[in-house]
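The values are calculated or read from the model by the stated rules, or taken from the named source; none is laboratory data. Predicted, not measured: the structure shown is a model, and the values here were computed from it. Reconstructed Cβ throughout: ideal geometry from the backbone, glycine too, with neighbour counts over all protein chains shown. All accessible areas refer to the heavy atoms of the entire protein, side chains included, with ligands and DNA or RNA removed. Shrake-Rupley method; radii C 1.70, N 1.55, O 1.52, S 1.80 Å.
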Amino acid sequence: MKEIMPINGQFALMNLPYQDLGNVISANTLSFHHGKHLKAYVDNLNKALPGSEFEGKSLQNIVLNAQGPVFNNAGQILNHNLYFEQFSLAPKPMSKAFADRLTAQFGSFEAFQKEFETKGATLFGSGWVWLSADAEGKLVITQHANADNPLRQGLTPLLTFDVWEHAYYLDYQNRRADYLSALWNVVDWQVVESRL
Ligand code: MN
């Protein structure tokens, strides 16, 4: 993953590459999720950086080494950047090579989807479900609470679904499982594979 660096000591709010995601995620949800929630994480981290040991460091460096509020805000920026960037209204399919890796690891694409959705649905409270590659290239699905990221376990994060309630409550209310199963329609696999 390319290191995300601050400019003049400050991180930028990523540009959202779409206004809505059709009937999967509404413009209203995206407006709050990107324009309020993510923006608050960016603003809070930027306020904490000047004069701290993490001033001028990459976002990934902060996620790996910080604790407390600095880690929480940096983790949420990295998580949301990866989340928003992986979706598209015209998503590109996965390569045959990646499909073969998923099948080899999980038995079938459907079995992978089922395990990913189950791990998202059963994560207690707020957090993220991830598909990552380990050091040997093996694909793994992991649950992470709050702002955590698989980088902190030495994994390479590839795909993530946000299961904080703010990600889905306006569109799906309490139906987290429906939100998770709908997200597959907008995953751009070319973006996911580019993270390998
Ligand atoms: Mn979120």
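Residues with beta-carbon under 12 Å from that of HIS144, excluding HIS144: net charge, scoring Lys, Arg +1 and Asp, Glu -1?
Numbers: positive: LYS119, ARG152; negative: ASP148, ASP162.
Result for the neighbourhood of HIS144: 0.
If you look at just the Cα atoms of the chain, how large are its Rg and its Dmax in Å?
Spelled out, the Cα radius of gyration and Dmax of the chain are 16.4, 50 Å.
Computed over the Cα atoms of region 1-80, what is the ratio Rg over Rh, Rh following Kirkwood?
Rg divided by Rh gives 1.02.
Could I get the Rg over Rh figure for region 96-194? Both from C-alpha atoms, Rh via Kirkwood, rounded to two places.
Result: Rg/Rh = 0.95.
With every protein chain kept in place and ligands, DNA and RNA left out, what is the accessible area per residue of the chain? Probe 1.4 Å, answer in Å².
48
Placing +1 at every Lys and Arg Cβ and -1 at every Asp and Glu Cβ, with all other atoms neutral, what dipole size does the chain have around its Cα centre, in debye to the nearest 20?
80
Over the chain, calculate the relative contact order: mean separation of alpha carbon pairs under 8 Å at least 6 apart, over the residue count, as a percent.
About 25 percent, as a whole number.
Only Cα pairs under 8 Å and at least 6 apart count here; give the relative contact order of region 96-194 as a rounded whole percent.
Over region 96-194, the number comes to 24 percent.
When the helices in the chain are scored as -39500 (n - 2.57) per DSSP H run of 4 or longer and the sum is shared across all residues, what 222 nm value do you end up with, to the nearest 500 deg cm²/dmol?
So the calculated ellipticity at 222 nm is -12000 deg cm²/dmol.
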